[in-house]
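K.L.:
After the structure tokens below, expect a handful of questions from me.
Every number in this text was worked out from the coordinates using simple rules, so none of it is lab data. As the structure is a prediction and not an experimental result, all values here were calculated from the model. Cβ placement follows ideal geometry from the backbone for every residue including glycine, while neighbour counts extend to all protein chains displayed.
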Amino acid sequence: MDQPRQPPPEGSIKEVVMHDTHAQCAINQTGEHWGSKNGWKTSTRASTTPTKPLQHLLPVLVDIIDQMDQVASLIAAVVHDLDHPGRTNSFLINEGNSLALLYNDTAVLESHHSAMTFQLTGKDDRVNIFKNLERESFQAIRLIIIDMVMATEMTKHFEHLSKFVNCTKIVAKCEEEESLTGISTPDTLSLALSTPENRTLIRRMVIKCADISNPTRPLNLCKDWAIRIANEYFQQTDEEKRLGLPVVMPIFDRKTCSLPKSQTSFYDIFIHDMFDAWDAFCDVPDLMGHLQHNYSYWKDEELKEQERKTEVESIVSDVVGSREQ
């Protein structure tokens, strides 16, 4: 029988949810559900990669998002890859995995991550960081966390980005009016951006920027995690070939993959436009500096790799030509 919900203690939602004992137990419990066999989806990544960028992303939004948004964002960042099997949605669908069957081949992993979050917290009071929330507050924060985790599903990337760019036009309009009139209107801007619809778009972009933030980290960390990501994808390609499944990401064949090329392509397709939009929205010069530096590094490595390839092809051509004479 369900235990009756206890009256919530006094304090802000941040104090109620992030109670030291419950929060630490919850972190330990979720850590057990991050697969250690996966190249990069580990408890280390859960506590560093997605949450670290939030230190840059959340403070600039204090006038727009409230404490519930902030707490939900941190929780969503920690759990957004919870119990990840180290394979993509497409792999699970092609394999006929039980998760794909359960979630009807739709946002399979994202649905699993969010469901697992509330399964874990709901079955053990020791890790239930939501236990002291009033029912209405719990339902509200639950919906926010689920929506944010679901926003990390990459097939919706361009849809989310496009809607966010439209939202940021409010900022541009206010800045234009300010330059014409000389009158600052911060309250008007905050009010326009803090509508429920715009707050949802901003939260989604927060988690998306945090989720694929590796290009905005210092170069040594960026390189390390890029290699881990590539190794996970190599393993998937190996397994697809072994099982006779469609190869979802042929670029990640360990025998032919160009890591620099895979990185620059990822930056060009997904990263630049998204972080340009985020920077225009809230000004994150440190992140953009790392992004530009890392992109230059990968472009240089790509060029060096191409030069080595051209040199080898030239040598082979000369050898073959000399034998034919």
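K.L.:
Take GLN67 and LEU219, extend 7 Å from each Cα along the Cα→Cβ direction, and tell me the distance between the two endpoints in nm.
P.N.:
Each label point is offset 7 Å from its Cα along the Cβ direction, giving 4.3 nm.
K.L.:
Throw me the Rg/Rh for the stretch 177-325, computed over C-alpha atoms with Kirkwood Rh, two decimals.
P.N.:
That ratio equals 1.17.
K.L.:
Would you work out the relative contact order for the stretch 168-325, in percent, from Cα pairs under 8 angstrom that are 6 or more residues apart?
P.N.:
About 25 percent, as a whole number.
K.L.:
Give me the distance in nm between label points sitting 7 Å out from Cα along the Cα-to-Cβ direction at GLU311 and GLN292, one decimal.
P.N.:
3.1 nm
K.L.:
Right, something else. Quick one: length gained pulling THR181 to SER137 fully straight, 0.36 nm per residue minus the C-alpha distance? Don't skip to the answer; put the middle values down first.
P.N.:
Values: separation 44, 0.36 × 44 = 15.84 nm, distance 4.14 nm.
Going from the current span to full extension adds 11.7 nm.
K.L.:
Show log10 I(q)/I(0) for the stretch 56-133 at q = 0.12, 0.17, 0.21 Å⁻¹, two decimals, from a solvent-free Debye sum over equal Cα scatterers.
P.N.:
Taken in order of the listed q values, log10 I(q)/I(0) reads -0.47, -0.79, -0.95.
K.L.:
With r defined as the distance between the Cβ atoms of GLU95 and VAL171 and R0 fixed at 51 Å, what FRET efficiency is calculated, to the nearest 0.05?
P.N.:
Step by step, r from the Cβ atoms, then E = 0.70.
K.L.:
Now a separate question. Return the subset of LYS255/LYS299; LYS163/LYS208; LYS223/LYS261; LYS223/LYS255 for which the Cα-Cα distance in this structure is over 25 Å, preserving the input order.
P.N.:
As for pairs spanning more than 25 Å Cα to Cα, there are none.
K.L.:
Shifting gears a bit: Per residue, what volume in Å³ does the Cα convex hull of the stretch 80-122 take up?
P.N.:
Numbers: hull volume 2.7 nm³, N = 43.
Residue-normalised Cα hull volume stands at 62 Å³.
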